[in-house]
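Data first, discussion second: the structure below is written as structure tokens.
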Amino acid sequence: MRGILAFALFLLATSAMAHDAPSGWSYDPYCCNGDSKTGDCEMIPSRTVTVIPGGYRITLYPGDHRYVTHAHIFTLPQRKTMRSPDGAYHLCLFPDENTPRCFYAPDMSY
């Protein structure tokens, strides 16, 4: 019984840490720390993302994500990309602006 209670409290705590994207879907609790004003997940402009063989190149400048203070170029593999339900790109940076934790991309159409 104690194990079930501990698990339920864990689920409640992790779901409370995640926040919603602007369009209303929730970021994965693993990806997101904080809330919609201070969290590390945020929608990024589509102009910052280039599809490359095997994944994506993301070029960010200050203003493209709330945590970014200088230019960054990230190369992220397709296999680690999560599906974006709203058709926009979203990036979670944690524990700092140099570390992409989760990247959400829309479905590719061919």
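Counting only protein heavy atoms, what percent of the accessible surface of the stretch 17-110 is carbon or sulfur at a 1.4 Å probe?
Numbers: 2820 of 5220 Å².
In the stretch 17-110, the share of accessible area belonging to carbon and sulfur is 54 percent.
Could you work out how much longer the chain between residue 28 and residue 82 gets when fully extended? Use 0.36 nm per residue separation minus the Cα distance between them, nm to one decimal.
Working: separation 54, 0.36 × 54 = 19.44 nm, distance 0.95 nm.
Between residue 28 and residue 82, full extension yields an extra 18.5 nm.
With +1 on the Cβ of every Lys and Arg and -1 on the Cβ of every Asp and Glu, and nothing else charged, how large is the dipole of the stretch 17-110 about its Cα centre, in debye rounded to the nearest 20? Intermediate values should be presented prior to the final figure.
Numbers: 8 positive and 10 negative charges, 62 e Å.
Its charge dipole is roughly 300 debye.
So who's got an amide H within less than 5 Å of the one on residue 102, skipping anything under 5 residues away but keeping other chains? H placed 1.01 Å off N, in plane.
92
The values are calculated or read from the model by the stated rules, or taken from the named source; none is laboratory data. A quick note: this is a predicted structure, and the numbers were derived from the prediction, not measured. With ideal geometry, Cβ positions are generated from the backbone for all residues, glycine too; neighbour counts draw on all protein chains shown. To get the accessible areas, we keep the full protein, side chains included, count just its heavy atoms, and leave off ligands, DNA and RNA. Shrake-Rupley method; radii C 1.70, N 1.55, O 1.52, S 1.80 Å.
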